[in-house]
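Undergrad: For reference, the structure I am asking about is given below.
Computed from the coordinates by the stated procedures, all read-outs in this text should not be read as laboratory data. What you are looking at is a predicted structure, and each value in this text was computed from that prediction instead of being measured. Ideal geometry is used to build each Cβ from the backbone, glycine not excepted, and the neighbour counts take in all protein chains shown.
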Amino acid sequence: MPYDERFITPMRQELTRLGVQELKTAEEVDRELADAGEPTLLVVNSMCGCAARNARPGLAMALQQTQKKPAKMTTVFAGQDLEATARAREYIHGYPPSSPSIALLKDGDVAYMMERHQIEGRTADAIARDLVGAFEQYC
């Protein structure tokens, strides 16, 4: 059962105010990711503490710290947009479902992946450094 949207909205806005596009349906996911040849960020957002404390702030910091950024930035919300999240996970080949997680897709493949176990227990600064490195390498 999806979370109450009243609780989720501020967590969505943490990413959308950074210019990250929300994908709420499987059709939107396919439209944005199916033919994405250019570097495309896919954030599987979550209401858990490590998303709030580490993943979303880390992404925000990374976007401020580098000129090289993904051409497209997208997000789905695990536990809320169930169909969109399930479809988005199909594009993250070779990785089990993980939320939160941050993938960088390029030419239909996963160029970089940060899974939940790489987010939990780390600082937003450390996450930002890893993301900046990925953006500079693949964007």
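Undergrad: Can you work out the Karplus-derived ³J(HN,Hα) for every residue in segment 9-23? Use 6.51 cos²θ - 1.76 cosθ + 1.60 with θ = phi - 60°, whole Hz, and x for glycine or proline.
TA: Those phi angles translate into 3, x, 6, 5, 5, 4, 8, 5, 6, 8, x, 7, 8, 6, 10 Hz.
Undergrad: Provide the per-residue ³J(HN,Hα) series for segment 27-41, in order, calculated from phi with Karplus coefficients 6.51, -1.76, 1.60 and θ = phi - 60°, each as a whole number of Hz, with x at glycine and proline positions.
TA: For segment 27-41, the Karplus curve yields 5, 5, 4, 4, 4, 8, 10, 4, 10, 7, x, 7, x, 10, 7 Hz.
Undergrad: Can you give the relative contact order of segment 15-90 as a percent, counting alpha carbon pairs under 8 Å and 6+ residues apart?
TA: Details: 86 pairs, mean separation 39.6, N = 76.
Computed over segment 15-90, the figure is 52 percent.
Undergrad: Now for a separate question. Among the trypsin sites (Lys or Arg not before Pro) within segment 1-32, which fall in a DSSP loop and have no more than 13 other Cβ atoms within 10 Å of their own Cβ? Mind showing how you got there, number by number?
TA: Numbers: sites: Arg6, Arg12, Arg17, Lys24, Arg31; in loops: Arg17, Lys24.
When the trypsin sites (Lys or Arg not before Pro) of segment 1-32 are filtered for loop state and at most 13 Cβ neighbours within 10 Å, Arg17 remain.
Undergrad: With r defined as the distance between the Cβ atoms of Asp109 and Thr9 and R0 fixed at 30 Å, what FRET efficiency is calculated, to the nearest 0.05?
TA: After rounding to 0.05, the efficiency reads 0.40.
Undergrad: Where is the GNM fluctuation largest for the chain (alpha-carbon springs, 10 angstrom cutoff): Ala55, Ala103, Ala26?
TA: Ala26
Undergrad: Another question about this same structure. Please list 3J(HN,Hα) in residue order for segment 67-81, calculated via the Karplus relation 6.51 cos²θ - 1.76 cosθ + 1.60 where θ = phi - 60°; whole Hz, with x for glycine and proline.
TA: 7, 7, 9, x, 5, 10, 10, 10, 8, 10, 10, 5, x, 10, 9
Undergrad: Using only the Cα atoms, what convex hull volume per residue in Å³ does segment 75-136 have? Could the numbers behind the result be given before it?
TA: Numbers: hull volume 5.4 nm³, N = 62.
Given the Cα convex hull of segment 75-136, per-residue volume reads 87 Å³.
Undergrad: Choose one answer from Gly49, Gly58, Gly108: the residue with the largest mean-square fluctuation in a GNM of the chain with alpha-carbon springs under 10 Å.
TA: With Cα springs under 10 Å in the chain, the top fluctuation among Gly49, Gly58, Gly108 is at Gly49.
Undergrad: Ranked highest first by average number of other Cβ atoms within 10 Å, how do 74-80, 86-92 line up? Please report the intermediate quantities before stating the final value.
TA: Values: 74-80: 23.4, 86-92: 19.0.
Final packing ranking: 74-80, 86-92.
Undergrad: Output the antiparallel fraction of DSSP beta bridges having both residues in the chain, as a percent to the nearest 5.
TA: Numbers: 10 of 18 bridges.
The answer is about 55 percent antiparallel.
Undergrad: When the helices in the chain are scored as -39500 (n - 2.57) per DSSP H run of 4 or longer and the sum is shared across all residues, what 222 nm value do you end up with, to the nearest 500 deg cm²/dmol? Could the numbers behind the result be given before it?
TA: Working: 5 runs with 54 residues, N = 139.
The per-residue figure over the chain is -11500 deg cm²/dmol.
Undergrad: Which cross-chain or sequence-distant (5 or more) residues have an amide H under 5 Å from the amide H of Val110, H modelled 1.01 Å from N in plane?
TA: Amide H neighbours of Val110, under 5 Å, 5+ apart: His93.
Undergrad: Another question, if that's okay. Amide H to amide H under 5 Å from Ser99: which residues, 5+ apart in sequence or cross-chain, H placed 1.01 Å off N in plane?
TA: For Ser99, whose amide H was placed from the backbone, the distant partners under 5 Å are Arg116.
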